[in-house]
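J.: Before I ask anything, let me first share the structure, which is written out below as C-alpha cells.
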Amino acid sequence: MANLNPKTVSTLLVSSLLLAMLFTNRLAAEEAPALVKDPTRPGQYSAPVAFAAQPAASFQVASIIKRKKGAQAIINGQPASLGSFIDGAKVLRITPTRVLLQIDQKTMWVSVTDQSGMKVHRR
C-alpha cells in the first residue's frame, strides 16, 4: 500500500465515502415507513362507545295558581311561571290543569298530580 499515488488514495477515499452514504441512505429509507404513516391509509376501526342512557327528567306539578297577571305552577317543589326554567325544562304554557314544558327540542304536557290539587287564588 505504500506505493499508491495520492490520486488513487483520494479516489478510494471518495468511493468509500460514497458507498457509506449510499448504505446509510438505504438503511434510512428502509426504516422510514415505520416512522411515517401513510396519510391515505384508512384509520384504525374502533367499536362505537355505548353511552349510558340518561334517565328522563321526572316532573311533578303539585299545584297551579291562577292570578289576574298570569299563572304560576309548583313544579318539583319550585315555583315556575311562563318562560322560567325548572330542572332544565322551559315552561311554555300553564293551563288550569297542566303545564307544557320544553326539554331540549321536545315538548311534553305534565298534569297536576293526584296527591295535590289545583289552587285558585284571586287578588
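J.: Scan region 67-91 residue by residue and report those that are charged (D, E, K, R) and over 14 Å from VAL110 (Cβ atoms).
T.: Those that are charged (D, E, K, R) and over 14 Å from VAL110 (Cβ atoms): ARG67, LYS68, LYS69.
J.: Right, another one. Mind listing just one residue for me: the one in region 34-63 that is among the aliphatic types (A, V, I, L, M) and under 17 Å from ASP87 (Cα atoms) and, of those, modelled with the lowest pLDDT?
T.: Here the residue is ALA56.
The values are calculated or read from the model by the stated rules, or taken from the named source; none is laboratory data. Remember, predicted model here, so these are calculated numbers, not experimental data. Note that each Cβ is placed from the backbone with ideal geometry, even for glycine, and that neighbours are counted across all protein chains shown.
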